[in-house]
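To keep things clear, I will list the structure first and then write my remarks on it.
The values are calculated or read from the model by the stated rules, or taken from the named source; none is laboratory data. Model, not experiment: these values are computed from the prediction. Cβ placement follows ideal geometry from the backbone for every residue including glycine, while neighbour counts extend to all protein chains displayed.
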Amino acid sequence: MSLDVAFLARLQFALTVMFHYLFPPLTIGLAVFMAGVEAMYLRTGDRLYESAARFWTRIFALNFALGAASGVVMEFQFGTNWSSFSRFVGDVFGSALAAEGIFAFFLESCFLGILVFGWESVSPRLHFFSTLMVALGSVLSAVWIVVANAWQQTPAGYRLVETGHGLRAEITDFWAMVFNPSALPRLQHVLCGAFILGAFFVMSVSAWYVLKGRHQQFARRNFSLALVYAAVASLAALVTGDDQARTVAWTQPAKLAAFEGHFRTEAAGTGLYLCGWPDASGERVRFGLAVPRLLSLLVYRDLDRPVTALDAFKPEDRPPVWLPFQAYHLMIGLGMAFIGLTLAALFMLRRGTLFTRRWLLWIFVFAVLGPYAANQAGWVAAEVGRQPWIVYGLLRTTDGVSRVVGAGQVLVSLALFGLVYGALFALWLWALLEKIRKGPQGAAA
């Protein structure tokens, strides 16, 4: 049986992207929290806030290092496994990635050393400024990566030019490329996902300290701050998610139809499946639980207007359904759970009973896995739902693969990446747990 080079190249890119994406959301979410607690230290002079800032900075640095190292691999893959795609989008991606280097990496590299090593060498105000700049740099890095990805989803500000190697997209309007139709809704939702992960990570570690009777004052204060952070970010994710879904409905209707398991256009309002098992061959959702007309209401704010289904597109232009459907619903289900969990915890915190509910604290210890899963599921839904296009409506995924790389070569590199990433993940997890075990120092020890 011959191996499909396009499938293997996609599988390898999925592995490297999903591994890399374990780190940037936590980097962004932690950076914002660090800036917050350091601002509280400057405002109050309370050494507990200083201990918190130092502790989370050590974890941030470890996570940042793994994220930077794993991110480089993806750019090399553009030139090895996806050279045809790289030729097509080189002008667009070159601009976006160059902007990331100038506005994000440069900013982070200038101030990261002060953030990590400058506690005893610079004034508290200069250190706080460094923390803000690193946090800003991490957000700006997300901005330009999301811009590049959003352009693949909703191309804008370009023209197609014929070259000796085929068509190539060239920028005609840089700002139209940057503010393409899905860029801002996608960015807002991505950042909310990062903020949620950062907050739940802090709550997980803090809840564990409370349960083990360690660093009680540190843990309770950090948990309380992160709980408010998580509740606000979770509610914001609900709003930005609705905005993003409506954008998808207008710009990529086939993708939304796959998300919702919507196979046949109806005459009246369209229902929304809460769960189910899509059957593409039978064009139905087995064991589906649907709310009548709700999808029409959410997309169009109209109960009677039907939503475009997959039958409006040629079979060769339809995305897979099962995986985008399940990933999308997993993301939404987890998002609603975050809202319910954080609001319930806030109610208990207000009543003064939160830290006496050990069962709830144990939930928060492991709840950090939820934001990791939700962030991964969101990207799986977005990228698989874009198929069969690698640049929506312009370039098919099968046409973006390198012509000189064989399936055997991709398979070998895929296996090697799997081994290396497995080792790196084990090393990261060990180092992370060691830092958590040692705990904060100074006033919080």
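For the reader, a short list of remarks on this structure follows.
- Taking the listed residues PHE263, PHE259, the one that is closer than 27 Å to THR240 by Cα, surrounded by 15 or more Cβ atoms within 10 Å (Cβ to Cβ) and in contact with a Pro (Cβ under 7 Å, 6 or more places away or on another chain) is PHE259, with no other qualifying.
- When ALA257, ALA268, ALA290, ALA309 are checked against the criterion of being touching a helix residue (DSSP H, G or I) at 6+ places or on another chain (Cβ under 6 Å) and farther than 26 Å from MET18 by Cα, ALA309 stands alone in meeting it.
- Among the residues of this structure, PHE263 does not count as one that is at pLDDT below 90 and under 27 Å from SER95 (Cα atoms).
- Condition check for ALA199: touching a helix residue (DSSP H, G or I) at 6+ places or on another chain (Cβ under 8 Å), assigned to a helix (DSSP H, G or I) and under 23 Å from PHE55 (Cα atoms): yes
- Matching residues, segment 276-306, being within 17 Å of GLN244 (Cα to Cα), of a type outside the set (Gly, Ala, Ser) and in contact with a strand residue (DSSP E or B) (Cβ under 9 Å, 6 or more places away or on another chain): LEU294, LEU295, LEU297, LEU298
- Contacts under 9 angstrom Cβ, first residue in segment 24-41 being surrounded by fewer than 24 Cβ atoms within 10 Å (Cβ to Cβ), partner not in a helix (DSSP H, G or I), 6 or more apart: MET40/ASP46
- Within segment 87-107, the set of residues being in contact (Cβ under 8 Å) with a residue 40 or more places away in the chain and within 23 Å of the chain's Cα centre (by Cα) comprises VAL89, VAL92, PHE93, SER95, ALA96, LEU97, ALA99, GLU100, PHE103, ALA104.
- All positions within segment 89-138 that are among the β-branched types (Val, Ile, Thr) and surrounded by fewer than 19 Cβ atoms within 10 Å (Cβ to Cβ): ILE102, ILE114, VAL116, VAL122
- If you go through segment 208-233 and pick out every residue that is hydrophobic (A, V, I, L, M, F, W, C) and closer than 13 Å to GLY439 by Cα, you end up with 4.
- Of all the listed residues (LEU310, LEU323, LEU341, LEU289), the sole one being in contact with a His (Cβ under 7 Å, 6 or more places away or on another chain) and either on the phi < 0 side of the Ramachandran plot or surrounded by 19 or more Cβ atoms within 10 Å (Cβ to Cβ) (or both) is LEU310.
- Options ALA254, ALA231: the member that is of a type in the set (Gly, Ala, Ser), in contact with a Phe, Trp or Tyr (Cβ under 8 Å, 6 or more places away or on another chain) and modelled with pLDDT of 90 or more: ALA254
- Some residue of segment 125-137 being within 21 Å of TRP379 (Cα to Cα), in a helix (DSSP H, G or I) and within 18 Å of the chain's Cα centre (by Cα): no
- In a residue-by-residue description of segment 394-408, the property of being within 30 Å of PRO253 (Cβ to Cβ), assigned to a helix (DSSP H, G or I) and out of contact with any strand residue (DSSP E or B) (no Cβ under 6 Å at 6 or more places or on another chain) applies to at least one position.
- Of residues in segment 234-249 being of a type in the set (A, V, I, L, M, F, W, C) and in contact (Cβ under 8 Å) with a residue 60 or more places away in the chain, the one farthest from PHE33 (Cα to Cα): VAL248
- Unmet criterion (only one of (1) among the hydroxyl-bearing types (Ser, Thr, Tyr); (2) out of contact with any Leu (no Cβ under 8 Å at 6 or more places or on another chain); (3) modelled with pLDDT under 85; (4) surrounded by 18 or more Cβ atoms within 10 Å (Cβ to Cβ)) for SER70: (2)
- The C-beta contact set for segment 62-78 (first residue of a type in the set (Ser, Thr, Tyr), second residue modelled with pLDDT of 80 or more, distance under 8 angstrom, 6+ apart or interchain) comprises SER70/THR16; SER70/PHE19; SER70/HIS20; SER70/PHE23; SER70/TYR421; SER70/LEU424.
- Per the conditions (1) crowded, with 23+ Cβ neighbours inside 10 Å; (2) over 30 Å from SER86 (Cβ atoms); (3) of a type in the set (Val, Ile, Thr), the sole criterion not satisfied by VAL190 is (2).
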